[in-house]
Amino acid sequence: ETGVTQSPTHLIKTRGQQVTLRCSSQSGHNTVSWYQQALGQGPQFIFQYYREEENGRGNFPPRFSGLQFPNYSSELNVNALELDDSALYLCASSPWDSYGYTFGSGTRLTVV
Amino acid sequence: RKEVEQDPGPFNVPEGATVAFNCTYSNSASQSFFWYRQDCRKEPKLLMSVYSSGNEDGRFTAQLNRASQYISLLIRDSKLSDSATYLCVVTSYYGGSQGNLIFGKGTKLSVKP
């Protein structure tokens, strides 16, 4: 069974630009969650998708948005990038109603 | 007050030592509790779930005190390979749907020869 795959692994963007990060969920997992981990901090919940709809959201502004596709893969979009958006972005998939999360290895975003 | 608080460390211990990490959480409605391990520049990985009765997995023992909203992790006979950041995690629910994980900042452990 394949795990969670994220792309790209590293990315450098300029302040004000937009970025799209991608995540393929583990086989059999229909729920995808996104987390932001700044340096020296624990991961913070951004949002979760289930059945192609946002199912919950953390304390992040609307310029953070997402999608989930019929094959359960997901995208995280961030508009108007700010320097503080520099972080490791983690995708985690799980079956619905389970805390059996599997994390991807993350996308390291640097905003300059 | 942060939802999950941990001592960030670092804890520097010799091989073979016993080390304990503590964590407190603020939301009494939290229902599930975990310890995750995160190696440098890698993703978090589940180390173990934490149950009220306490649970053990080899050299690792986790305990939960719901009344005090306190979680602990004990590592016995530390190995060099235990060096990592240990993240205390609780769950949060919203609107009856599946909850999300709330992470502490993590406690860094360095085991020295």
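Computed from the coordinates by the stated procedures, all read-outs in this text should not be read as laboratory data. Predicted model only: the values in this text are computed from it and were never measured. So basically every Cβ, Gly included, is an ideal-geometry build from the backbone, and we count neighbours across all protein chains shown.
For chain B, with only Lys/Arg (+1) and Asp/Glu (-1) charged at the beta-carbon, what is the dipole magnitude about the Cα centre, in debye rounded to 20?
200
Among A:41, A:101, A:70, which residue has its Cα positioned farthest towards the positive end of the charge dipole of chain A, with +1 placed on the Cβ of Lys and Arg, -1 on the Cβ of Asp and Glu, and the dipole taken about the Cα centre?
Looking along the dipole axis, the top candidate is A:41.
Which whole-number percentage describes the relative contact order of the range B:27-97, with Cα contacts under 8 Å and a sequence gap of 6 or more?
Relative contact order, the range B:27-97: 37 percent.
Give the cross-link partners of residue B:112 among the lysines, using a straight C-alpha distance below 25 Å as the criterion and excluding same-chain residues fewer than 8 apart.
Filter leaves B:42, B:45, B:79.
Applying a 10 Å radius around every beta-carbon, put A:43-53, A:27-37, B:16-26 in order of their mean neighbour count, most first.
Highest-to-lowest ranking by the protection proxy: A:27-37, A:43-53, B:16-26.
Take the alpha-carbon centre of the range A:1-62, take the same for the range B:9-41, and report the distance between them in whole Å.
What the calculation gives is 24 Å, centre to centre.
For chain A, modelled as a Gaussian network with Cα springs under 10 Å, which listed residue fluctuates most, A:88, A:11, A:76?
A:11
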